[in-house]
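Here is the structure we will look at, set down as structure tokens.
Rule-based calculations on the coordinates, nothing more; no lab input. Note that this is a predicted model, so its numbers are computed, not measured. Neighbour counts run over all protein chains shown; Cβ positions are idealised from the backbone, glycine included.
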Amino acid sequence: MKRPFLTLAQAQEIKKTYPTPFHIYDERGIRATARALNAAFGWNPGFKEYFAVKATPTPGILKILKQEGCGVDCSSLTELMMAQRCGFSGHEIMFSSNETPAEEFQLADQLGAIINLDDLTHVDFLYETLGHVPETISCRYNPGGTFALGESEEGFQVMDHPGQAKYGMTRPQLTQAFTRLKELGAERFGLHAFLASNTISNDYYPALARLLFQTAVELAEETGCRIALINLSGGVGVPYRPDQSANDIFAIGEGVLIPAGMGNVALCTELGRFLLAPNGHLITTAIHAKHIYKEYIGVDACAANLMRPAIYGAYHHITVLGKEDAPCDVYDVVGSLCENSDKFAIDRELPKIDMGDILVIHDTGAHGFSMGYNYNGKLRSAELLLREDGSVELMRRAETPDDYFATLVW
């Protein structure tokens, strides 16, 4: 049984100031998860979590994670700019992008970020853009083939066919890239790979680590390059369904073994979903009930606030606040977009829902607000932080019609 971190009384009080829908994040949970992650990999002196900004690009969140010793993983110009404004600099920033414009490489270099190259052709493109290559540089590896270990219940979300993915270099290209980068002045090298999304297996990271360490040993022998960091990227998932077991981050950390001769290699992770998803809720209010061929509950949130169910068929648990243990009916919970995929739940057993009831949509702290959009002229909601002392802080105000029209030329 999933329990929200917000009570009915708290939600009712918050609504007096911030109307639904809104996203809210749990500071206590975020800090506890970050500390558990750092403790799980504490045996590696150079360990660094680079939080994937794309998951939750909110300064209030990034600043909390900075306080907990995390860096940031950026993939665009504006994410780099946000990281800079939040106080991140130098090797606190990992820049992993693809099809990268020159100006993004330029800003990453100005900030002193570790640049993670996605393609062999980017080596000379980077040199031509900057006039040099940084002393510390990383490359992304795509081993091809199929990877199915730790597949999620939502199998279509898992990137389990690396050979079909647009990211990374082939094994021979890695040798070419490292050799060329060394010629151009690079001294410290990193290796990165991302094979699967939202795995719910403790075996994923250890399996990925074995692949990367084996490759790193081979590359060092072939090129003479000093491998200084291994980036395990993301992929460690969360239990979206109440019957799924959570990953044991301590078992995962203990399962990553460094082979002999590579004891000085620093480990990196990019666990946006693991850190934030369970520590965020989308709060919405039931505003309509429709009785046709099915029973529908209309809420004031829609896919513009959380698009994962609409585009992936992703499951997000729903709690009706104040009715957690009540008998259930069967509903489709839907938003107001002019799209039939705008459904948060289909044939879901939920307590009897009355108009005005407050619903919690769970596990929206990552890839929730950040994937929002303005289709049908919908406005993005506010983002709030539930502080450890129980107070609530506004981190991002809700959009207004003036915001929506601001870029138009009439």
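Restricting to Cα atoms and excluding each atom paired with itself, what does the Kirkwood estimate give for region 228-319 in Å?
The Cα-based Kirkwood calculation yields 16.9 Å.
List the residues of region 251-287 whose backbone N lies under 19 Å from a point placed 7 Å from the Cα of GLN214 along the Cα-to-Cβ direction.
255-263
Tell me which residues come under 5 Å, amide H to amide H, from THR136 once H is placed; ignore anything under 5 positions away on its chain.
Amide H neighbours of THR136, under 5 Å, 5+ apart: GLU187, ARG188.
Dividing the convex hull volume of the alpha carbon atoms of region 362-410 by its residue count, what do you get in Å³ per residue? Write down the numbers at each step before the final one.
Working: hull volume 4.8 nm³, N = 49.
Taking only Cα atoms, region 362-410 has a hull volume of 98 Å³ per residue.
Between ALA52 and residues 5 or more places away or on another chain, which pairs have amide H atoms under 5 Å apart, with H built 1.01 Å from N, and which residues are they?
Result for ALA52 returns ASP73, LEU271, GLY272.
Mind checking which lysines have their C-alpha under 29 Å from LYS48, skipping anything on the same chain fewer than 8 residues away?
By straight Cα distance, LYS48 reaches LYS63, LYS66, LYS166, LYS182.
Find out how many positive minus negative residues lie around SER336, taking Lys and Arg as positive, Asp and Glu as negative, among other residues whose Cβ is under 9 Å from that of SER336.
Values: positive: LYS378; negative: ASP300, ASP342.
The answer is -1.
Given the peptides 201-208, 127-134, arrange them by the average over their residues of other C-beta atoms within 10 Å, most packed first.
Details: 201-208: 20.5, 127-134: 15.4.
The peptides rank, most packed first, as 201-208, 127-134.
Taking N as the number of residues in region 66-138, what is its Cα Rg relative to 2.2 N^0.38 Å? Write out the running numbers ahead of the final one.
Details: Rg = 11.6 Å, N = 73, 2.2 N^0.38 = 11.2 Å.
After normalising by residue count via 2.2 N^0.38 Å, the value is 1.03.
May I ask for the net charge around GLY272, where only other residues with Cβ less than 15 Å from the Cβ of GLY272 are counted and Lys, Arg are +1 while Asp, Glu are -1?
On the way: positive: LYS48, LYS54, LYS66, ARG273, ARG308; negative: GLU49, GLU68, ASP73, GLU79, GLU270, ASP363.
Computed value for this residue: -1.
For region 167-288, list log₁₀ I(q)/I(0) at each q in 0.20, 0.23 Å⁻¹, using the Debye formula over Cα point scatterers of equal strength and ignoring solvent, two decimals each.
Those come out to -1.10, -1.32, one per q.
What is the extension gain from ARG171 to GLU187, computed as 0.36 nm multiplied by their sequence separation minus the C-alpha to C-alpha distance, in nm to one decimal?
3.7 nm
If you stretched the chain out fully between SER391 and TYR404, how much longer would it get, using 0.36 nm times the residue separation minus the C-alpha to C-alpha distance?
Values: separation 13, 0.36 × 13 = 4.68 nm, distance 2.99 nm.
Between SER391 and TYR404, full extension yields an extra 1.7 nm.
List the chymotrypsin sites (Phe, Trp or Tyr not before Pro) within region 1-81 that DSSP assigns to loop and that have no more than 14 neighbouring Cβ atoms inside 10 Å. The partial results should precede the final answer.
On the way: sites: PHE5, PHE22, TYR25, PHE41, TRP43, PHE47, TYR50, PHE51; in loops: PHE5, PHE41, TRP43, PHE47.
Those that pass, being in a loop and sparsely packed, are TRP43.
GNM on the chain, C-alpha springs below 10 Å: top fluctuator among SER381, SER197, SER245?
In the Gaussian network model the winner is SER245.
Please state, to two decimals, what the Cα-based radius of gyration of region 270-316 comes to when divided by 2.2 N^0.38 Å (N = residues). Can you show the working numbers first?
Values: Rg = 13.8 Å, N = 47, 2.2 N^0.38 = 9.5 Å.
So region 270-316 has a normalised radius of gyration of 1.45.
I need the phi-derived Karplus couplings for region 266-272: 6.51 cos²θ - 1.76 cosθ + 1.60, θ = phi - 60°, integer Hz, Gly and Pro marked x.
Residue by residue, region 266-272 yields 8, 9, 10, 10, 9, 9, x Hz.
Please list, in order along region 332-344, the HN-Hα scalar couplings obtained from phi with the Karplus expression 6.51 cos²θ - 1.76 cosθ + 1.60 (θ = phi - 60°), rounded to whole Hz, x for Gly and Pro.
After applying 6.51 cos²θ - 1.76 cosθ + 1.60, I find 9, 9, 10, x, 9, 5, 7, 9, 6, 7, 6, 9, 7 Hz.
Would you please classify the overall shape of region 1-80 from the alpha carbon gyration tensor, given that a ≥ b ≥ c denote the square roots of the eigenvalues, rounded means a/c under 1.5, and beyond that prolate means a/b larger than b/c while oblate covers the rest? Display every interim value, and only then the final one.
Values: a/c = 3.10, a/b = 1.58, b/c = 1.96.
Oblate shape, in that a/c is at least 1.5 and b/c is the bigger or equal ratio.
Kindly write out, for region 175-185 in residue order, the coupling ³J(HN,Hα) from the Karplus curve 6.51 cos²θ - 1.76 cosθ + 1.60 (θ = phi - 60°), rounded to whole Hz, with x marking Gly and Pro.
Result, ordered by residue: 4, 5, 5, 4, 4, 5, 4, 5, 4, 8, x Hz.
Cut-off 10 angstrom, C-alpha nodes, Gaussian network model of the chain. Which of GLY365, GLY145, GLY42 fluctuates the most?
For the chain, modelled as a Gaussian network with Cα springs under 10 Å, the answer is GLY145.
Need one number: nm distance between label points at ASP124 and GLU339, each 7 Å from Cα along Cα→Cβ, rounded to one decimal.
The two pseudo-label positions are separated by 4.1 nm.
Can you compute the helix-only [θ] at 222 nm over the chain? Use -39500 (n - 2.57) per DSSP H run of at least 4 residues, normalise by all residues, nearest 500 deg cm²/dmol. Walk me through the numbers before you get to the answer.
Values: 12 runs with 115 residues, N = 410.
Calculated mean residue ellipticity at 222 nm is -8000 deg cm²/dmol.
What's the FRET efficiency of GLN244 with GLU324 using the Cβ-Cβ distance as r and R₀ = 25 Å, to the nearest 0.05? Present the calculation step by step, with values, prior to reporting the outcome.
Details: r = 19 Å, r/R0 = 0.76.
The pair GLN244/GLU324 has a calculated efficiency of 0.85.
Take ASN264, project a point 7 Å from its Cα along the Cβ direction, then tell me which residues of region 72-110 have their backbone nitrogen under 16 Å from it.
It comes to no residues whatsoever.
If Lys and Arg each add +1 and Asp and Glu each add -1, what is the summed charge of the other residues whose beta carbon sits under 12 Å from the beta carbon of LEU229? Write out the running numbers ahead of the final one.
Numbers: positive: LYS48, ARG188, ARG226; negative: none.
Net local charge, LEU229 excluded: +3.
Going Cα to Cα from LYS378, which aspartates and glutamates come in below 14 Å? Please leave out same-chain ones fewer than 8 positions away.
LYS378 reaches ASP300, GLU339, ASP342, GLU399, ASP402, ASP403.
Counting other Cβ atoms within 10 Å of each Cβ, which trypsin sites (Lys or Arg not before Pro) in region 276-385 have at most 13 and sit in a DSSP loop? The partial results should precede the final answer.
Numbers: sites: LYS290, LYS294, LYS323, LYS343, ARG348, LYS352, LYS378, ARG380; in loops: LYS294, LYS323, LYS352, LYS378, ARG380.
In loop regions of region 276-385 (DSSP not H, G, I, E or B), the sparsely surrounded trypsin sites (Lys or Arg not before Pro) are LYS294, LYS352.
Using all alpha carbons of the chain, what is the percent of pairwise distances in each 20 Å bin, ordered from the shortest bin to the longest?
In order of increasing distance, the bins hold 26, 54, 19, 1 percent.
Using only the alpha-carbon atoms of region 270-383, report the extent along each of the three principal axes, biggest first, to the nearest angstrom.
42, 33, 24
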